[in-house]
Each structure stands twice: as structure tokens, then as C-alpha cells.
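Got a structure for you, questions after.
The values are calculated or read from the model by the stated rules, or taken from the named source; none is laboratory data. Just so you know, these numbers come straight off a predicted model, no measurement behind them. For neighbour counting, all protein chains shown are included, and Cβ atoms are generated from backbone atoms with ideal geometry for every residue, glycine included.
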Amino acid sequence: MKLKIATLAGDGIGPEVTHEAINVLQAVAEAGGHEFTFAEALLGGVAITAKGTPLPQETIDIALNSDAVLLGAVGDNKFNHLTPDKRPESGLLQIRQILGGFANLRPAVAFPALAENSPLRPEVTAGADILFVRELLGGLYFGQPRFWNQQTGEAVNTMRYTRDEVVRVARIAFDLASRRRKKLTSVDKANVLECSQLWRATIDSLKPEYPDITVEHQLVDSMAMHLMNVPRNFDVVLTENLFGDILSDESGIITGSLGMLPSATIGGRINLYEPVHGSAPDIAGQGKANPLGAILTAAMVLRHSAGLEQEAAAVEAAVQQVLAAGHRTADIARGNTAATVSTQQMGKLVHAALAESIDRSQSLHAV
Ligand code: IPM
Ligand code: MN
């Protein structure tokens, strides 16, 4: 199969981790006779520096002319003094809107090899396998009006949702739950917010169409606690935009490092893939970043844009294998410098594990 991938490596550790993700995609393409092509474009702080805007038109054109967009990270402290609409992050929000994906899938899985990395006890995280579905184009991130009036000392953001916006993301969550453990937890703040009451009523109205799915509603505050207390109770977790942003970072605790979390945004014109971690400017360019979040994001490209489920699973298995063998980037090394590898070394290790498993399966087919 052919796939045109726009790569927006962005700021901080974005380029380093994206490089390793691309290597893995190339390995899969070579082994399977697929043709993946990559087109680089600027987004975020690097785009502000080079072109004066966080999302140049050229980047929009390249992204819209691709089958999938792979993003690294966006954000640079250099631009902290700018208003939100001029900062690197606004480029990310705009490209999300342009690509149109409204369902941001963020898996949070407890990797057995990293059980000791979480501050949670291993018996608490064991078996945790959560798929967050975060609504990505609505709520406080995009609602109008929004402003900060420095003269009057007033600032406003608007949370707004329509029933249609809730329905479309909920359907994706229901469908994903039906292919998993058939449980959907919908998160809201319906005891206070009208948006959440709409959210809850909409989910309830869809329930009859999905009789095999068990639906529960959780208030976001108690959900934040339950997630750390009994993470294995959750299967698919559906949230509005900001709640999902917060809870998905929190779930990095289950995995042991934010550096391990991938994401895919689906439902729009073109799918967008980005690791959950940020640009981590403090460690950028030093080979210290964990590329596994980006590599697992590449696996999601294979699954959701290339239809290569087996290859996606093979990449995920290669990551597990490398971790089981004891290899660690600094963020997951727990001070064990002897086991610590660089970003590039970690990428190569996954690449090698993948090549080995491809060889094995090809010789199996040959028999
Ligand atoms: C994320 C990030 C972004 C968000 C920022 C960088 C705008 O935190 O993808 O989780 O809030 O959506
Ligand atoms: Mn976030």
C-alpha cells in the first residue's frame, strides 16, 4: 500500500523522537513492500522563528495533501510572553481544526516491564489497559467568546458543545468499546455544568443503539481519583476536550512515564498522530528523550491510516520486547545509568527487535 505522511516534528524533543518513529515506519514499509513517503513541514516555535507564524500556509498545504500527519511536539518557553493566539500551541490547535479529526484516541497501558516505574503499586496498575477518547475540537479550547482584557482585568473562555458534536465522538467511543471489553465510562461534571448535562443526556440517548456496551458516568473529579485507585476497572473512557487533556496526562502515572503515551486523532479529513508528551525543552537535543511514545504513535499510523493491524501489533510487541530486555531511556531508568540508552539507541533497539520478528514471520510464511 501507499501512504503519504506529512511530518511536523515541531519543537524541543519533537525532531529526535519523530526521527525514530519514521525509521520504524520505513522498516515496516520495506519489509512489506509498502511505499511510505514523508514530507517535512514546520509547525510551532520553529515555524515562528523561520516564518513568523506557528502554522505557515505551506505547512497547511503539505498536511492537506497527505494521507496522515505525524507530529512530534509543539511548545517553546521562548514564546511564553506571547498571547495564546500567537504561541506555538496555537499552530497545533489550528492544524487540529483544519484536519478535522474530533476523536483523539489516547491508550494508557500498564507495560509489565515498567511495573516498578509507576509510583502506584504494581498490583494496582497490573492489567490496566485504558483507551481514552478525548473530544478534540470543542469545549474551552475553541469556544467563543474568548479574551483577556488587561484594562478591565477580566478574562473569558467559553465551554460550548452541541448535541451533534457529542454524538459523533460518542459513536466512535461506543464502536471502540464494542471491539474491546465493552465498557464505556463517560466523564463529565454534570452536577455543575450544563455542557456536561447535555453530554450525559446525549450518551444516554445513544445507549439503546449499543445494547452490548455497559455505560457508566463518572464526575471528572472522582474519576481523577478512581483512575489512580483502580485503573483496571476502565476500558474506553470518553471525555470532553479539557477533561481528556488532564486525565490523559494523569494516566502517564499508570504507564510509568508520559514519554510512553501515543495518540491518534480520527474522524476528520486526515488523521493526525502525536505522542502525548510535550516538547520537553530542558532535555531537547541531548539524546535523552524517550522515543517510545512517538514509535507507538507510528504503530497507530499503521493501524488507523494504513490498515496494517498486524504490523502495528508487531511494532508494539517490539517495544515490549526491548523494555523486557531491560533497555531504558533516562525517564524510565529509575537512576540505573548502566541500563540507560539514548533516544537513537532506543530507536535502533526497537528497529532491531522488529526486524527480527519480521524475519521470523517471513520464514514462517516460506515454510
Ligand atoms: C496535548 C497538549 C496540547 C493540548 C497543548 C500543547 C495545546 O497538552 O496534546 O495534550 O492541550 O491539547
Ligand atoms: Mn496535554
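Which residue is farthest from ligand 1 (Cβ to nearest atom), if the candidates are limited to region 69-95 and must be in contact (Cβ under 8 Å) with a residue 12 or more places away in the chain and more than 26 Å from Gly285 (Cα to Cα)? Let's see the steps before the verdict.
Of all residues in region 69-95, those in contact (Cβ under 8 Å) with a residue 12 or more places away in the chain come to 69-79, 83, 86-95.
Checking which are more than 26 Å from Gly285 (Cα to Cα) leaves us with 83, 94.
Values: Thr83: 14, Gln94: 11 Å.
Only one residue tops the list, namely Thr83.
If we scan region 131-138, do we find a residue that is modelled with pLDDT of 95 or more and in a helix (DSSP H, G or I)?
Here is the first cut: in region 131-138, the ones modelled with pLDDT of 95 or more are 131-138.
When the remaining residues are screened for being in a helix (DSSP H, G or I), the result is none.
There is no residue in region 131-138 that is modelled with pLDDT of 95 or more and in a helix (DSSP H, G or I).
Please pick out the residue among Leu114, Leu137, Leu131 that is away from ligand 1 (no atom under 16 Å from the Cβ), crowded, with 18+ Cβ neighbours inside 10 Å, hydrophobic (A, V, I, L, M, F, W, C) and not assigned by TED's automatic domain parsing to the domain that holds Ala318. So that I can check it myself, show each step before the final result.
Numbers: Leu137 fails: away from ligand 1 (no atom under 16 Å from the Cβ); Leu131 fails: away from ligand 1 (no atom under 16 Å from the Cβ).
Checking each option against the conditions leaves just Leu114.
Separate question: Only one of Arg168, Arg160 is over 21 Å from the mean Cα position of the chain (by Cα), among the basic types (Lys, Arg), surrounded by fewer than 20 Cβ atoms within 10 Å (Cβ to Cβ) and on the phi < 0 side of the Ramachandran plot; which?
Working: Arg168 fails: over 21 Å from the mean Cα position of the chain (by Cα).
Answer to the check: Arg160.
Can you tell me which residue is surrounded by the fewest Cβ atoms within 10 Å (Cβ to Cβ) among those in region 335-367 that are assigned to a loop (DSSP other than H, G, I, E, B) and at pLDDT 90 or above?
Residues of region 335-367 that are assigned to a loop (DSSP other than H, G, I, E, B), as a first pass: 335-336, 341-342, 367.
Applying the additional criterion that residues be at pLDDT 90 or above yields 341-342.
Details: Val341: 18, Ser342: 16.
So the residue we want is Ser342.
I'm checking my understanding of the structure. Among residues of region 320-329 that are in a helix (DSSP H, G or I) and in contact (Cβ under 8 Å) with a residue 60 or more places away in the chain, which one is nearest to Arg360 (Cα to Cα)?
Our first condition is that a residue be in a helix (DSSP H, G or I); within region 320-329, this holds for 320-324.
Keeping just the survivors that are in contact (Cβ under 8 Å) with a residue 60 or more places away in the chain gives 320, 323-324.
Values: Gln320: 17, Leu323: 20, Ala324: 19 Å.
Per the criteria, the residue is Gln320.
Further question on the same structure: Where in region 199-296 are there helices (runs of 4 or more DSSP H), lying wholly inside it, with at least 2 residues that are on the phi < 0 side of the Ramachandran plot and away from ligand 2 (no atom under 16 Å from the Cβ)? Break it down into steps so the answer makes sense when it comes.
Working: elements: 220-229, 241-250, 252-255.
Because the criterion is at least 2 residues that are on the phi < 0 side of the Ramachandran plot and away from ligand 2 (no atom under 16 Å from the Cβ), the helices (runs of 4 or more DSSP H) in region 199-296 that meet it are 220-229.
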